[in-house]
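S.K.: Okay, here's the structure, questions in a sec.
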Amino acid sequence: LHKMYGLPFGKKNPFTAEVWFVNKRLPLNLEWTISNMDFADPEFKFVPLTASGKYGLRIDSAETFLVKIVGNLSRFTSRDITSQFQGLIEQNTKSAIISYMTYNQVRVTEISGRLSELSKAIKEQMSPTWDIYGLSLIDFYVTSIGIDTNTEEGRRIKNAIAQSSVQSITGYTWQQQQ
């Protein structure tokens, strides 16, 4: 067909076409991580936190996705999605985690028990953002939130929590230890 269409043009076909294949299956294995998140805890003052989890996106509009995200790249993988949207995920997730913890008066030591609620709140906040890229956010999970022990403040807070646990188990106070 290529040669036949090219006959009137000196055997050179002026018409070109590209075929793109867009995988529309649901990738639930996209991971995210956040560090450098400062939270004003009532007991420990400012606490450096880290968070991580997974999310799932579905391509709803292949044309919008190809035009706005892929562009002229020859290949686009789930790793590219994660790196492309790291800033978006980090900004929205940090904001949602800190807002949730502040509004619900959740302390650092209690947050692990609220990961399901927090995941739902973040998903609701982030869902509309993906529409302009031809994507929809299917699931968003926060799998862990913890104190960032890579910082000096985080190590001190972690040690203070551990020491407080030891004192409550053995039944003595800080004054008695001193």
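S.K.: For the range 67-81, how many residues are small (Gly, Ala, Ser) and either in contact (Cβ under 8 Å) with a residue 40 or more places away in the chain or surrounded by 15 or more Cβ atoms within 10 Å (Cβ to Cβ) (or both)?
M.R.: 1
S.K.: Here's something else I'd like to know. Report, by residue number, each residue of the range 38-47 that is part of a strand (DSSP E or B), of a type outside the set (Asp, Glu) and surrounded by fewer than 19 Cβ atoms within 10 Å (Cβ to Cβ).
M.R.: Result: Ala40, Lys45, Phe46.
S.K.: Considering the range 130-161 alone, what residues qualify as being over 19 Å from Thr93 (Cα atoms) and in contact with a helix residue (DSSP H, G or I) (Cβ under 6 Å, 6 or more places away or on another chain)?
M.R.: Gly134, Thr149
S.K.: Looking at the structure I just gave you, is Thr64 buried (at least 16 other Cβ atoms within 10 Å of the Cβ) and either in contact (Cβ under 8 Å) with a residue 40 or more places away in the chain or aromatic (Phe, Trp, Tyr) (or both)?
M.R.: no
S.K.: Let me ask you something else. Tally the residues that are over 29 Å from Gly154 (Cβ atoms) and out of contact with any Lys or Arg (no Cβ under 9 Å at 6 or more places or on another chain), restricting the search to the range 32-87.
M.R.: 22
S.K.: Follow-up. Identify the single condition in (1) modelled with pLDDT of 85 or more; (2) within 16 Å of the chain's Cα centre (by Cα); (3) under 30 Å from Trp20 (Cα atoms) that Phe85 does not satisfy, given that it satisfies every other one.
M.R.: (1)
S.K.: Within the range 82-137, take every residue that is open to solvent by less than 50 Å² (accessible area, probe 1.4 Å) and assigned to a loop (DSSP other than H, G, I, E, B) and give me the one that is nearest to Leu57 (Cα to Cα).
M.R.: Gly134
S.K.: Is one or more of the residues making up the range 103-119 modelled with pLDDT of 90 or more, among the small types (Gly, Ala, Ser) and more than 25 Å from Ala162 (Cβ to Cβ)?
M.R.: Yes, the range 103-119 contains at least one residue that is modelled with pLDDT of 90 or more, among the small types (Gly, Ala, Ser) and more than 25 Å from Ala162 (Cβ to Cβ).
S.K.: If you take the residues of the range 138-165 that are among the small types (Gly, Ala, Ser) and within 18 Å of the chain's Cα centre (by Cα), which of them is surrounded by the fewest Cβ atoms within 10 Å (Cβ to Cβ)?
M.R.: Checked the range 138-165; the qualifying residue surrounded by the fewest Cβ atoms within 10 Å (Cβ to Cβ) is Ser144.
S.K.: Please indicate, with yes or no, whether at least one residue in the range 19-34 is at pLDDT 85 or above, under 22 Å from Thr149 (Cα atoms) and open to solvent by 40 Å² or more (accessible area, probe 1.4 Å).
M.R.: Yes; the residues of the range 19-34 include at least one that is at pLDDT 85 or above, under 22 Å from Thr149 (Cα atoms) and open to solvent by 40 Å² or more (accessible area, probe 1.4 Å).
The values are calculated or read from the model by the stated rules, or taken from the named source; none is laboratory data. Because the structure is a prediction, the values reported are computed rather than measured. Heads up, the Cβs are rebuilt from the backbone with ideal geometry, glycines too, and the neighbour counts pull from every protein chain shown. Protein only, heavy atoms only, side chains kept; ligands, DNA and RNA dropped before computing areas. Shrake-Rupley method; radii C 1.70, N 1.55, O 1.52, S 1.80 Å.
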